[in-house]
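Comments concern the structure below.
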Amino acid sequence: MKIITVNKKAHYNYEVEDKFEAGIVLTGDEIKSIRQGNVSLNDAFATLHQGEVNMVNCHIASYSHAYTKVDNSRRTRKLLLHKREINKLIGDITRKGMALVPLKMYFNPRGFVKVEIGLAKHKKAHSKKRELREKDIKREAERELRGKLK
C-alpha cells in the first residue's frame, strides 16, 4: 500500500469514530497527476446526495501533458461504497450529526486509488486546547527523561 497524501488537519479538527475504504471515480489525466503526487485533501469533505457519496473540494492538479486544458482540479468526485455502508453512513449522519472527512488517499495492492474516509464529529475549541496541552506535557516529560538518562 503506497500512501499518496494524508489529510493532516482531519485528526486535529475532528474526532474520527469509524473509517471506511472507498474507491473513487477518476479520469485518466487525474490518475496520471495523482501518480505524480499532485493532490491535496486539505479542506476536502464528503457529502451524501441521492444515495451516493461524493467528495467535494479535493484538489487534483491538472496533468501537465494532458490534451485538454480545462481546469477541473476541484470538481466533485463520486466515491464508491457498498450499499450497506452508504445506508449506515446515512443513518449515522442524520441521527448523530456527524461529518464525512477524507483521511488519506493511497494505492491499494492492485494499483487502484482508494480514499479512507472517516465518520467524524467536529471538535470544540476547548478540546483542541486540552489536546495540545496534553501533548506539550508529554513532550516535556520525554525531554526530562532523555536528559536524566545521559
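So, in segment 83-114, how many residues would count as being part of a strand (DSSP E or B) and within 17 Å of Tyr14 (Cα to Cα)?
Quick first cut of segment 83-114, residues part of a strand (DSSP E or B) only: 99-107, 113-114.
Filter once more, so that each one left must be within 17 Å of Tyr14 (Cα to Cα): 99-104.
Residues flagged as part of a strand (DSSP E or B) and within 17 Å of Tyr14 (Cα to Cα) within segment 83-114 amount to 6.
Show the residue pairs that are 6+ apart or on different chains and have beta-carbon atoms under 6 Å apart, the first residue being within segment 79-105 and in contact (Cβ under 8 Å) with a residue 24 or more places away in the chain, the second being part of a helix (DSSP H, G or I).
Cβ pairs passing all conditions: Met98/Asp92; Val101/Ala10; Leu103/Ala10.
Just the residues that are assigned to a loop (DSSP other than H, G, I, E, B), closer than 24 Å to Lys124 by Cα and in contact with a Lys or Arg (Cβ under 8 Å, 6 or more places away or on another chain), please, taken from segment 1-42.
We begin by selecting, within segment 1-42, every residue assigned to a loop (DSSP other than H, G, I, E, B); these are 1, 7-9, 25-27, 36-38, 41-42.
Applying the additional criterion that residues be closer than 24 Å to Lys124 by Cα yields 7-9, 41-42.
Selection gives Asn7, Leu41, Asn42.
If Asp92 meets every condition in (1) surrounded by 12 or more Cβ atoms within 10 Å (Cβ to Cβ); (2) closer than 15 Å to Leu26 by Cβ apart from one, which number is that one?
Only one criterion in (1) surrounded by 12 or more Cβ atoms within 10 Å (Cβ to Cβ); (2) closer than 15 Å to Leu26 by Cβ is unmet by Asp92, namely (2).
Which members of segment 43-66 meet the condition of being aromatic (Phe, Trp, Tyr) and touching a helix residue (DSSP H, G or I) at 6+ places or on another chain (Cβ under 8 Å)?
Of the residues in segment 43-66, the ones aromatic (Phe, Trp, Tyr) are 45, 63.
Within segment 43-66, Tyr63 is the sole residue that qualifies.
Report, by residue number, each residue of segment 106-145 that is in contact (Cβ under 8 Å) with a residue 24 or more places away in the chain and among the hydrophobic types (A, V, I, L, M, F, W, C).
Once the filter is applied, which keeps residues that are in contact (Cβ under 8 Å) with a residue 24 or more places away in the chain and among the hydrophobic types (A, V, I, L, M, F, W, C), segment 106-145 yields Phe107, Phe112, Val113, Val115, Ile117, Leu119, Ala120.
Here are some conditions: (1) modelled with pLDDT of 85 or more; (2) under 23 Å from His11 (Cβ atoms). Leu80 meets all but one. Which one does it not meet?
Going through (1) modelled with pLDDT of 85 or more; (2) under 23 Å from His11 (Cβ atoms) one by one, Leu80 breaks only (2).
Could you figure out which of (1) touching an Asp or Glu at 6+ places or on another chain (Cβ under 9 Å); (2) among the polar types (S, T, N, Q); (3) under 26 Å from Ala22 (Cα atoms) isn't true of Asn87?
(1)
Considering each of Ala120, Ala61, Ala66, Ala44 in turn, give the residue that is modelled with pLDDT under 95, among the aliphatic types (A, V, I, L, M), touching a Leu at 6+ places or on another chain (Cβ under 8 Å) and under 26 Å from Lys2 (Cβ atoms). Don't jump to the end; show me each part of the working.
Numbers: Ala61 fails: touching a Leu at 6+ places or on another chain (Cβ under 8 Å); Ala66 fails: touching a Leu at 6+ places or on another chain (Cβ under 8 Å); Ala44 fails: touching a Leu at 6+ places or on another chain (Cβ under 8 Å).
Only one candidate qualifies: Ala120.
Among residues belonging to segment 33-55 that are surrounded by fewer than 16 Cβ atoms within 10 Å (Cβ to Cβ) and at negative phi, point out the one that is nearest to the chain's Cα centre (by Cα).
In the first step, residues of segment 33-55 are kept if they are surrounded by fewer than 16 Cβ atoms within 10 Å (Cβ to Cβ); the result is 35-37, 42-43, 47-52.
Add one more test, that the residue is at negative phi, and what stays is 35-36, 42, 47-49, 52.
Values: Arg35: 17, Gln36: 18, Asn42: 8, Thr47: 13, Leu48: 16, His49: 19, Glu52: 17 Å.
Filtering first and then ranking leaves Asn42.
Given the condition part of a loop (DSSP other than H, G, I, E, B) and either under 17 Å from the mean Cα position of the chain (by Cα) or under 18 Å from Thr5 (Cα atoms) (or both), answer yes or no: does some residue in segment 127-150 qualify?
Keep residues of segment 127-150 that are part of a loop (DSSP other than H, G, I, E, B), which gives 150.
Those still in the list that are either under 17 Å from the mean Cα position of the chain (by Cα) or under 18 Å from Thr5 (Cα atoms) (or both) too: none.
No.
The values are calculated or read from the model by the stated rules, or taken from the named source; none is laboratory data. Just so you know, these numbers come straight off a predicted model, no measurement behind them. Note: ideal-geometry Cβ built from the backbone for every residue, glycine included; neighbour counts use all protein chains shown.
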